[in-house]
Amino acid sequence: MRAGAALGLLVLLCVCNREGIRTADEALLVSLSQARAWQRRADLHLQGGDVAAAIEDVKEVLKVPFPPGATEAEDVRLDARARLAQLYLKSAPGSEKAEAEALEQVQAGLREATRDSFFRAHLESVLAEVYEARAQRVADPAAQAEARRLALQALERAIQIDRRLQHSLLGGREAM
């Protein structure tokens, strides 16, 4: 349900501005609607315990066409990549292959990211989850320590992104 809420928020942001409700770009709304539907399908498959089907649904989100220049497209794609990474980890806990697939999704999302956003910060947090999974999977204490170090670095990057966003959004004021 988390993904549906995030996409719902994007729809509201597209429709509303400071002057009130404006005419929305229907093509953008259709794209957002389609992405949300795929995410909801994934939710339903997860409720039934079918992680593989949920993964296939979220992969479809990455194929949804968006109007040129729509910044929301990046947000939707980053959110989908983060969710795919989490689903891969869930699909086979302790599996090196699942970890590699999750890492591939996060890295692809980070390459696609063009600006600081909640979704970019979330990718860094999910990257920390991948490294935490690695720390649990490997037996070598040095490899465990390295995985935890990488997880902490990813979380620090997420925190820094969030701080920059808060500073920008709050007009330089400190968050309470």
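How about region 49-72: which of its residues are modelled with pLDDT of 95 or more and among the small types (G, A, S)?
The answer is G49, A52, A53, A54.
Do we find that E129 is of a type in the set (D, E) and without any contact (Cβ under 8 Å) to a residue 40 or more places away in the chain in this structure? Lay out the reasoning, then the answer.
Working: of a type in the set (D, E): yes; without any contact (Cβ under 8 Å) to a residue 40 or more places away in the chain: no.
So E129 fails the test.
Could you tell me which numbered condition R83 fails, if it satisfies all but one of (1) crowded, with 18+ Cβ neighbours inside 10 Å; (2) touching a Leu at 6+ places or on another chain (Cβ under 9 Å); (3) under 23 Å from A128 (Cα atoms)?
For R83, the failing item is (2).
Output the number of the condition that A70 fails; it satisfies all remaining conditions of (1) of a type in the set (A, V, I, L, M, F, W, C); (2) surrounded by fewer than 20 Cβ atoms within 10 Å (Cβ to Cβ); (3) without any contact (Cβ under 8 Å) to a residue 40 or more places away in the chain.
(3)
Does R173 fit the bill of being at pLDDT 95 or above and either closer than 17 Å to V61 by Cβ or basic (K, R) (or both)?
On the way: at pLDDT 95 or above: no; either closer than 17 Å to V61 by Cβ or basic (K, R) (or both): yes.
No; evaluated as a whole, the condition is false for this residue.
Tell me, please, whether a residue that is at pLDDT 95 or above, in a loop (DSSP other than H, G, I, E, B) and not basic (K, R) can be found in region 32-48.
If we filter region 32-48 for residues that are at pLDDT 95 or above, which is where we start, we get 32-48.
Imposing the further condition that a residue be in a loop (DSSP other than H, G, I, E, B) reduces the set to 48.
After this cut, where a residue has to be not basic (K, R) as well, the list is 48.
Yes, there is a match, as at least one residue in region 32-48 is at pLDDT 95 or above, in a loop (DSSP other than H, G, I, E, B) and not basic (K, R).
Looking only at residues in region 102-123 that are among the charged types (D, E, K, R) and within 20 Å of A73 (Cβ to Cβ), which one is surrounded by the most Cβ atoms within 10 Å (Cβ to Cβ)? Can you show your working first?
In the first step, residues of region 102-123 are kept if they are among the charged types (D, E, K, R); the result is 104, 111-112, 115-116, 120.
From what is left, the residues that are within 20 Å of A73 (Cβ to Cβ) are 111-112, 115-116, 120.
Values: R111: 9, E112: 15, R115: 11, D116: 15, R120: 23.
Selected residue: R120.
I'd like the full set of residues that are of a type in the set (D, E, K, R) and under 19 Å from Q86 (Cβ atoms), limited to region 119-147. Break it down into steps so the answer makes sense when it comes.
Initially, region 119-147 is screened for residues of a type in the set (D, E, K, R), giving 120, 124, 129, 132, 134, 137, 140, 146.
Across region 119-147, the qualifying residues are R120, E124, E129, E132, R134, R137.
The values are calculated or read from the model by the stated rules, or taken from the named source; none is laboratory data. The shown structure was predicted, so the numbers you read here are calculated from the model rather than taken from an experiment. Neighbour counts are summed over all protein chains in view; Cβ atoms, including those assigned to glycine, are modelled from backbone coordinates with ideal geometry.
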